[in-house]
Every structure is written in structure tokens, then in C-alpha cells.
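Reviewing the structure listed below.
The values are calculated or read from the model by the stated rules, or taken from the named source; none is laboratory data. As the structure is a prediction and not an experimental result, all values here were calculated from the model. Using ideal geometry, Cβ is built from the backbone for each residue, glycine included, and neighbour counts are taken over all protein chains shown. Just so you know, the surface numbers come from the protein's heavy atoms only, side chains and all, with ligands and any DNA or RNA stripped out. Shrake-Rupley method; radii C 1.70, N 1.55, O 1.52, S 1.80 Å.
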Amino acid sequence: MTTLTILGIESSCDDTAAAVVRHTPGSAPVILSSIVAGQTALHAGFGGVVPEIAARAHAEKLDHCIEQALSEAGTALGDCDGVAVTAGPGLIGGVMSGVMCAKGICAGSGLPLIGVNHLAGHALTPRLTDMVAFPYLMLLVSGGHCQFLLVHGADRFTRLGGTIDDAPGEAFDKTAKLLALPQPGGPAVERTAATGDAARFAFPRPLLDRAGMDLSFSGLKTALLRERDRVMTPEGLRETDRADLCAGFQAAVRDVLVAKSARALDAYLTLKPAAPVFAVAGGVAANGAIRGGLQALCGERGVRFLAPPLDLCTDNAAMIAWVGVERFRLGLFDDMTLSARPRWPLDDAAPAMLGSGKKGAKA
Ligand code: KG4
Ligand code: ZN
């Protein structure tokens, strides 16, 4: 097996990203460059990502990002062995922009094309950062995703469960909105919760009474709205009430994620991995209370807990290039018939999840 250098392209949501990753078997993968151009300002006035605006911005920015990624990596297209591109799941216009761009590059250069599932990008990141061996357990918790995955191989995943409505990041963002806190809601709610009393409001722990590893967060948001209205004064929400509401909400999300993770760990440990690993990815993994709860659980079970650095937890193209490396080594290539798949579950055998995240379809 030889050294591979792969160009990765990501445009499934509101980040236009390009990266170059190099891997020599037996040594750690190297991220030669990773460019992420966000679109927050473009969507700020709309209260969410506008798919049409996102798609146009991707189409405008992709070639600049790719040029910059190649130049920062000190590589020319001719030094690359393949082009990996997110082909779904996500917002169809954005995914199409990326896929068309990658096809153009491959048609012009003769490089092989590799279509990548965005969720596989998140799920295989622990191998890019820490060369973790299969099988490991993965929890994706972001504004668009929430699922437990058994990662058996670069192309083999079992979904143990996931959210049946909102993703946790979405719930944090909606909570922030209800409490007049800024977006993105997660960091604002966490900051406000720091001085709050988590025990004051009795928020529900949805689906804990039901077997399995599915989760639900929309009821929690409704409960929060009810309590907010109960304590609201004519002058607005008191600072202490806001802090207690944030602390109570965050504790409920943490408890649900920890309890369901305990069940997922039970399922995972029956596989008897030699060195068990539980990895998290997604923006919500940045939350100190949630991270702490998951870390403590892993400590009790003798499982290594892994949270990749935040810039590799959130959307980026290095993870897509890395899946490109893994698929290249398995001989899994695509051709010009590759098309965008707005819904594309990692585990085809698992039943479809409901709902659609704020940043596009949930897989
Ligand atoms: O992974 P990400 O950057 O984007 C996708 O959703 O794909 O995740 C963003 C989400 C947002 O909903 C944001 O509110 C949430 O992650 N988030 C947090 C924290 N930081 C970001 N949620 C809770 N606590 C945080 N500290
Ligand atoms: Zn993502």
C-alpha cells in the first residue's frame, strides 16, 4: 500500500470546505490543509439556513476554497490521487454544487472520484485524529444529527438509535430563542446555565421509560416554554429565572444523552472490542456538562472516551478527504453517474428517522 493524497470537498450545509489529507500506511494521517468558509452572515436575517442562498454561495466559493486548500497544502492537483466529495445527506442544492464541481475536476484531470456520505465523515474522524481501531461506538450530536452508530468498518455501520424529532443542537438553539439569548444557542445557553440551579424546574427526561436508544428533544422545548411563561414578569424574564431555565434544560439533555449512551455502550461491549472506544462528534460535544457526563460514564465502564478537537467535530472537508482515503484503499470508487442524495442513511437496514433538521434532511 502506498501513500495517498486526497482532495476533499464539503458543501452539504452552510459551510463550504476543501481540504487535502495525506496518509502513508503505518503512520498517522496528515491534514495538509483544511479550509472552511462559513455562511453565517448570509443567513443571519432569516432565522435559519436558506437552502437556495446556501447553494449559490457554495457554487461561488467552492473553487476558491479548493485553490486555497491546494496552495496551503503545497500540492498541485497532479500530486493528488483522488477527489472525495460529500454526495449527501444534506441540502440538495449545496450537495449538487459540490458533486458537480468534483466531477468537473475529475473529468479534467483524470483523477478518480469518490462519493462520500457526510455522516461517514463524522463517524470516521476518530481514525483520522487517533487511528482508532474498529469496532468503536460513535455518538453524533449536532444541530442536524443525533445518532448512535456502531462503526464496524469504513463502509459498515449499524445505527443503534437516534432522535425521532429535533437534534440536540436544534433544541439548544430553539431554547436560546425562547429565552432571548443569541444564536448559535448552545454556547449561550451553556454560559447562562453556569450560574443557574438545575434542580429548580422539573424538566422531563423524554423516552427514558422506553427501551432502546432512540431519543426525543421536542417535548423538552415545549416544557421549557411552559415554565418560561409561568415565571415571566411584565418587565421580562429575570436573570436568575433565565439561568435556572438554562441549567435545568441542559441537565435534562445531559441526563438523556448519558442514559441512552449507557445502553449503547452495553450493546457495543457485547462485541468484545480489544480496546473499547466511545467517540463523540458534532457541535453539542463542545458542551462541558454533556461532555463531562459522557466522560464519567466511560470512566465507570473502563471505556476510552474520545472527543476530536472542535474544528474536526464540526463540518469540515478533512473528514471527507479521510473517508476518501479509506474508500480508496477498499477500492470503492464512483463514476460520472454519482448523484446528490439529500437523504442517505449510513445504515440502510435501519428504519428511516423522522423529521428534518434545521440544516436539511436528517439521515
Ligand atoms: O456540528 P455543528 O457545528 O453543525 C451542525 O449542526 O452540523 O453543530 C452546531 C450545533 C448548534 O446547534 C449549536 O447550538 C450547538 O451545536 N452547540 C452547542 C454548543 N456549542 C455548539 N450546544 C450545546 N453546548 C455548546 N457549548
Ligand atoms: Zn455535519
Filter result (farther than 24 Å from Leu77 by Cβ and of a type in the set (D, E, K, R)) within the range 306-325: Asp311
Those residues of the range 217-243 which are among the hydroxyl-bearing types (Ser, Thr, Tyr), open to solvent by less than 40 Å² (accessible area, probe 1.4 Å) and at pLDDT below 95, in sequence order: Ser218
Candidate set: the range 1-39, residues that are within 15 Å of ligand 2 (Cβ to nearest atom) and more than 19 Å from Glu72 (Cβ to Cβ); chosen: the one farthest from the chain's Cα centre (by Cα): Gln39
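To keep it simple, each residue is scored yes or no on (1) more than 16 Å from ligand 1 (Cβ to nearest atom); (2) surrounded by 18 or more Cβ atoms within 10 Å (Cβ to Cβ); (3) assigned to a loop (DSSP other than H, G, I, E, B); (4) at pLDDT 95 or above.
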| site | (1), (2), (3), (4) |
| --- | --- |
| Ala279 | no, yes, no, yes |
| Val284 | no, yes, no, no |
| Ile290 | no, yes, no, yes |
| Cys298 | yes, yes, no, yes |
| Phe328 | yes, yes, no, yes |
| Leu332 | yes, no, yes, yes |
| Arg343 | no, no, yes, no |
| Pro351 | yes, no, yes, no |
| Leu354 | yes, no, yes, no |
Every residue from the range 77-86 that is aliphatic (A, V, I, L, M) and either more than 17 Å from Ala318 (Cβ to Cβ) or open to solvent by 10 Å² or more (accessible area, probe 1.4 Å) (or both): Leu77
Pair list, Cβ < 7 Å and 6+ apart or interchain, from the range 164-180 residues that are in the same structural domain as Gly283 (by TED's automatic domain parsing) to residues that are more than 9 Å from ligand 1 (Cβ to nearest atom) and polar (S, T, N, Q): Ile164/Ser216; Asp165/Ser216; Asp165/Ser218; Asp166/Ser218
Qualifying residue in the range 185-196 (condition: modelled with pLDDT under 95, more than 16 Å from ligand 2 (Cβ to nearest atom), surrounded by 19 or more Cβ atoms within 10 Å (Cβ to Cβ) and closer than 22 Å to Arg238 by Cβ): yes
Number of positions in the range 311-349 that are within 13 Å of ligand 2 (Cβ to nearest atom) and out of contact with any Phe, Trp or Tyr (no Cβ under 9 Å at 6 or more places or on another chain): 12
